[in-house]
Amino acid sequence: MVQIKSKILTFFVAFAVWLLLTWTFYAPSVIIGALIALLVAGVTGHLFTDYPHKWREPHRYLYFALFLFIFLRECFKANIDVALRVIKPDMPINPGIVKVKTRLKSEAALTLLANSITLTPGTLTIDVDKEGGFLYIHWINVKDKDLVKATNIIVKTFEGVIAKVFE
């Protein structure tokens, strides 16, 4: 029953995203969007969330909008940083792999966190240890290898708002 609810929720979210991206209500476009959303829900609906009933809480959508704003802001800042490192080769680059801690437990939350880190230029999630709550991140300019300090720099920006969305 939970998987069916999750697939239904996935359908509605995918369809809403389609409508927002296409911004048209022309019948063929809406039908194609519904078919694609149905396909996405059928294939990945069981992965979307373990607790679909939580998505009846409107504040989760507001926190997701806040997450998008935070992600875009961090992505913009990271793009500028990486672009400056390319334009000015004398800027320091200190690449390395750091271990960071997360309190997120659900697969959806961990996936969003890992992808957010990876999509932010200059960082790449290499591995996720779900049981231990650790992520291993390749960082273009390691500012600190200390677990707590690296976690505060890389993870804390996203973690709190992702927790409010998924957990």
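For this structure, a couple of remarks:
- Gaussian network model of the chain, Cα within-10 Å springs - most flexible of ALA37, ALA114, ALA83: ALA83
- Footprinting exposure proxy ranking of GLU57, GLU159, GLU107, fewest other C-beta atoms within 10 angstrom first, gives GLU57, GLU107, GLU159.
- Here the 3J(HN,Hα) profile of segment 64-71, calculated from phi with Karplus coefficients 6.51, -1.76 and 1.60 at θ = phi - 60°, is 5, 4, 4, 4, 4, 4, 4, 4 Hz, Gly and Pro shown as x.
- Fluctuation leader among LEU110, LEU20, LEU119 - the chain, Gaussian network, Cα springs under 10 angstrom: LEU20
- Amide H contacts of ILE126: TYR136, ILE137, HIS138, each under 5 Å away and 5 or more positions distant or on a separate chain (H built 1.01 Å from N in the peptide plane; Pro and chain starts excluded).
- For the chain, with +1 on Lys and Arg beta carbons and -1 on Asp and Glu, the positive-most of PHE25, PRO92, TYR61 along the dipole: TYR61
- When segment 1-159 is described by a simple charge dipole with +1 on each Lys and Arg Cβ and -1 on each Asp and Glu Cβ, the residue from LEU112, GLY42, GLY122 located farthest towards its positive end is LEU112.
- Using θ = phi - 60° and Karplus 6.51 cos²θ - 1.76 cosθ + 1.60, couplings along segment 139-149 (whole Hz; Gly, Pro as x): 10, 5, 9, 4, 8, 6, 8, 4, 3, 5, 5
- Exposure proxy order (Cβ contacts within 10 Å, fewest to most) of HIS138, HIS59: HIS59, HIS138
- Rounded to the nearest 20 debye, dipole of the chain from Cβ charges on Lys, Arg, Asp, Glu: 260 debye
- Under 15 Å from LYS101, Cα to Cα: aspartates and glutamates that are on another chain or at least 8 residues apart: ASP127, ASP129, GLU131, ASP144, ASP146, GLU159
- q = 0.18, 0.19, 0.23 Å⁻¹, segment 67-167: log10 I(q)/I(0) [Debye, one scatterer per Cα]: -0.81, -0.90, -1.26
- Approximate shape of segment 1-135 as ellipsoid semi-axes (Cα gyration tensor, √5λ), whole Å, largest first: 33, 21, 13
Computed from the coordinates by the stated procedures, all read-outs in this text should not be read as laboratory data. Everything numeric in this text was worked out from a predicted model, so none of it was measured. Here the Cβ is made from the backbone with ideal geometry for all residues, glycine too, and neighbour counts use every protein chain on show.
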